[in-house]
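Q: Below you'll find the structure I mean.
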Amino acid sequence: MSHEAVFTGSFDPITLGHVEIIKKSLGLFDKLHIVVAETPKKTSRFSSQEKMDLIQSSLRECGVDCERCVCHIYAGFIVDFCSENKIEYLIRGLRNTLDFEYENTMGQINSKLNQSVETVYFMTSPEMKFVSSTAAKEIAHFGGELKDFVPAQ
């Protein structure tokens, strides 16, 4: 039996923190579905297809086993994606207590929407605690150094 999980996010852009969570997920799961969430309330710098391309190139660059990762674009409830693909586990990364509060609430909402999907939380390493897509975009906007935030690409 193959154990699969879903890791979803806006990935605008993918960060080294995302890559770390992906690597940790592959330590537990045989296959990881990385889902670029199309959310109408967020304005993205990159198109969904560009995000997918960046994810795939970043994973290769960072030495991730890409054969075990599948990228998707999805608009809708992530638990519906899980049901449609018969996946029971949803991966979320936590950097701090603020992330925990938000992700705990989202996990409870997802449980109400679909009780067969279980959320699995991974803590980032202390080195990734400050890394976010928002910070990376802000640093890029002002011409700052991004090597500690995003894969080189």
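The values are calculated or read from the model by the stated rules, or taken from the named source; none is laboratory data. Every value quoted in this text rests on a predicted model; they were computed, and no experiment measured them. Glycine gets a Cβ as well: all are built from the backbone with ideal geometry, and neighbour counts include every protein chain shown. Areas reflect the complete protein model, heavy atoms only, side chains present, ligands, DNA and RNA absent. Shrake-Rupley method; radii C 1.70, N 1.55, O 1.52, S 1.80 Å.
Q: Restricting to DSSP H runs of at least four residues, report the calculated mean residue ellipticity at 222 nm for the chain, -39500 (n - 2.57) per run over all residues, nearest 500 deg cm²/dmol.
A: Numbers: 5 runs with 58 residues, N = 153.
One gets -11500 deg cm²/dmol as the mean residue ellipticity at 222 nm.
Q: Averaged per residue, what accessible area in Å² does the chain show with a 1.4 Å probe, protein chains only?
A: Values: 8730 Å² over 153 residues.
Using a 1.4 Å probe on heavy atoms only, each residue of the chain averages 57 Å².
Q: Below 16 Å, Cα to Cα, which aspartates and glutamates can residue 41 reach? Residues fewer than 8 away in the same chain don't count.
A: Qualifying aspartates and glutamates at Cα under 16 Å: 12.
Q: Rounded to a whole number of µm²/s, how large is the Stokes-Einstein D of region 106-153 at 37 °C and 0.692 mPa s, given Rh as the Kirkwood radius over C-alpha pairs?
A: On the way: Rh = 13.4 Å.
Answer, rounded: 245 µm²/s.
Q: Shifting gears a bit: Summarise the accessible area of the chain (1.4 Å probe, protein heavy atoms) by the percent that is carbon and sulfur. Show your work: numbers first, answer last.
A: Working: 4670 of 8730 Å².
Percent of accessible area from carbon and sulfur atoms in the chain: 53.
Q: Distance check, please: which entries in 86/137; 23/129; 24/112; 31/147; 23/112; 31/51 exceed 24 angstrom between their Cα atoms? Don't skip to the answer; put the middle values down first.
A: Details: 86/137 34 Å; 23/129 16 Å; 24/112 26 Å; 31/147 28 Å; 23/112 28 Å; 31/51 20 Å.
Flagged as over cut-off: 86/137; 24/112; 31/147; 23/112.
Q: What are the extents of the Cα atoms of the chain along their three principal axes, listed from largest to smallest and rounded to whole Å?
A: 45, 32, 30
Q: Something else about it: With an 8 Å cut-off on Cα pairs and a minimum separation of 6 or more residues, tell me the relative contact order of region 1-111 in percent.
A: With pairs under 8 Å counted, the relative contact order is 34 percent.
Q: Any idea what the dipole of the chain comes to, in debye rounded to 20, about its Cα centre with Lys/Arg Cβ at +1 and Asp/Glu Cβ at -1?
A: Numbers: 16 positive and 21 negative charges, 32 e Å.
Dipole of the chain, to the nearest 20 debye: 160 debye.
Q: Sorted by packing (mean other beta-carbon atoms within 10 Å per residue), highest first, where do 7-20, 131-144, 53-66 land? Walk me through the numbers on the way to the answer.
A: Numbers: 7-20: 22.6, 131-144: 14.1, 53-66: 16.3.
Top of the packing list down: 7-20, 53-66, 131-144.
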